[in-house]
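One structure below.
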Amino acid sequence: MNPKRLDILAVGAHPDDVEIGMGGTLARYGSLGFQTAIVNLTKAELSSNGTVERRQSEAEKAAKVLGISKRIQWSYPDRELLNNKKECIESLVEVIRQYRPRLVFAPYYKDRHPDHGHCHEIVKEAVFSAGIKRFLPNLPWDAYRPESLYYYQINGMIEPDFIVDISGFMETKLKALACFASQFQLGEGEVDTPLNDGFLQRLEGREKIIGNESGVEYGEGFRSEKPLLISLLGEEA
């Protein structure tokens, strides 16, 4: 039996990357019946706080809050994505061909964490290679290339090419991120990091600024490498 086709496939280097970058978008489209999925390349075993087991439990809880249709967790070594680039690309090609997502999302390459930029490279190559018939020809699924590849932001603030209105889903996004208590709350015996030093408050402020740019309360910003096509002027409003 063929798996249900995905509408949105979002890829992150670590559990919580996708939730930070586009949790509101996933919650919004999930509520409308769209099939959504998250792929995490690593288990973030080198994170300063928490354990792999706790982080996995938190990721499962966050996925339920966001209404994610499917969560895929891999175990490529944290901070060694480039050393495992070929294997990562091939794994993603399998997922893309199997689930045939319409849209794929990856981290934007400009980010303070090198893994996010490395994930960007891997996803970009996988999306392209998935459409090449002679690339991994022995897979049981035909070559397939998604309609579009977009980039979400994790740290910092980029000038977006387009914005998704998440005004009705910012609370859901923050609730999902609150599931990652090991990362966003400073517990006894844990170390200070940028994530547990007011990060969620700054993130909410960022999404408010982005939303205000389009006249809504909250928004998530994305980048695109190709121009966005508008079939009817005014339709984008």
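Anisotropy class assigned to the range 115-172 is prolate, per the alpha carbon gyration tensor with a/c at or over the 1.5 cut-off and a/b larger than b/c. Karplus-derived 3J(HN,Hα) values for the range 156-173, using 6.51 cos²θ - 1.76 cosθ + 1.60 with θ = phi - 60°, are x, 8, 9, 7, x, 7, 7, 10, 9, 6, 10, 3, x, 10, 5, 4, 5, 4 Hz; glycine and proline are entered as x.
Electrostatic tally near residue 118: other residues with Cβ closer than 15 Å to its Cβ, Lys and Arg +1, Asp and Glu -1, net -2. Among the trypsin sites (Lys or Arg not before Pro) in the range 98-149, those located in a DSSP loop and surrounded by at most 16 other Cβ atoms within 10 Å of their own Cβ are 102, 110, 112, 133, 134. For the pair residue 79 and residue 175, a Förster radius of 35 Å applied to the C-beta separation gives a FRET efficiency near 0.75, rounded to the nearest 0.05. If you run the Gaussian network model on the chain, springs between alpha carbon atoms under 10 Å, then out of 104, 52, 191 the most flexible one is 191.
Taking amide H as placed 1.01 Å from N in the peptide plane, the amide H of residue 105 sits under 5 Å from that of 9, 10, 11, 150, each at least 5 places away or on another chain. Once R0 is set to 41 Å, what does the formula 1/(1 + (r/R0)^6) return for the Cβ-Cβ distance between residue 113 and residue 231, expressed as a FRET efficiency to the nearest 0.05? Between residue 113 and residue 231 the formula returns 0.65.
Loop-resident GluC sites (Glu not before Pro) (DSSP state other than H, G, I, E or B) in the range 153-237 with no more than 14 further Cβ atoms inside 10 Å of their Cβ: 188, 190, 217, 225, 235, 236.
Out of the DSSP beta bridges found with both residues in the range 8-224, what percent are antiparallel (nearest 5)? Expressed as a percentage, antiparallel bridges in the range 8-224 total about 30.
Taking each DSSP H run with n ≥ 4 as -39500 (n - 2.57) and averaging over every residue of the chain yields -12000 deg cm²/dmol at 222 nm. Kirkwood hydrodynamic radius computed over the range 48-189 comes to 17.1 Å, based on all pairs of distinct alpha carbons. State which entries of 173/208; 86/124; 124/173; 70/133 exceed 22 angstrom in Cα-Cα distance in the structure shown. In this structure, 124/173; 70/133 exceed 22 Å between Cα atoms. For the chain, the mean projected area of the C-alpha convex hull, equal to one quarter of the hull surface, is 13.2 nm².
Here, each number is a calculation from the coordinates, and none is a lab measurement. On a predicted model such as this, the values are computed, not experimentally measured, just so you know. Counting neighbours? That spans all protein chains shown, and the Cβs are built from the backbone with ideal geometry, glycine included.
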